[in-house]
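Undergrad: Below are the structure tokens for one structure; questions will follow.
What follows is calculated from the coordinates using simple rules that are stated; it is not laboratory data. Computed from a predicted model, the values in this text were never measured in an experiment. Glycine also receives a Cβ, built like all others from the backbone with ideal geometry; neighbour counts cover every protein chain displayed.
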Amino acid sequence: MGSFSIWHWLIVLLIVVMVFGTKKLRNMGSDLGGAVKGFKDGMKDGSAAADPAATPAAQVTTNAAAADKPTIDVEARQKS
């Protein structure tokens with residue numbers, strides 16, 4: 001009474017497939033896989049940024065990329 005048999009799980013899986021459809025389940029699976037991959041890459045980048053030798057190189061790259069972009073001057077208007 002406390003555990004479900006394989007037949008219970010197959011019926012639940014069949015109902016889920018009927019409700020959502022296979023295409024939507026496939027898309028959700030690929031989105032979940034992409035999110036997990038992005039999280040892992042973010043964790044690797046976070047550990048690399050903690051390394052003191054890697055931090056100045058990242059700052060120099062960011063500043064060089066920002067210097068190449070043109071700036072736009074905008075005047076602020078006051079609300080009336």
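Undergrad: Based on the mean of other beta carbon atoms within 10 Å per residue, what is the order of 24-33, 3-12, most packed first?
TA: Ranked from most to least packed, the peptides come out as 24-33, 3-12.
Undergrad: Which value in nm describes the separation of the simple spin-label points at S5 and D73, placed 7 Å from the Cα toward the beta carbon?
TA: Between S5 and D73, the simple spin-label model gives 8.1 nm.
Undergrad: Give me the number: length gained by fully extending D45 to D31, i.e. 0.36 nm times residue separation minus the C-alpha to C-alpha distance, one decimal in nm.
TA: Stretched fully, the D45-D31 segment lengthens by 3.0 nm.
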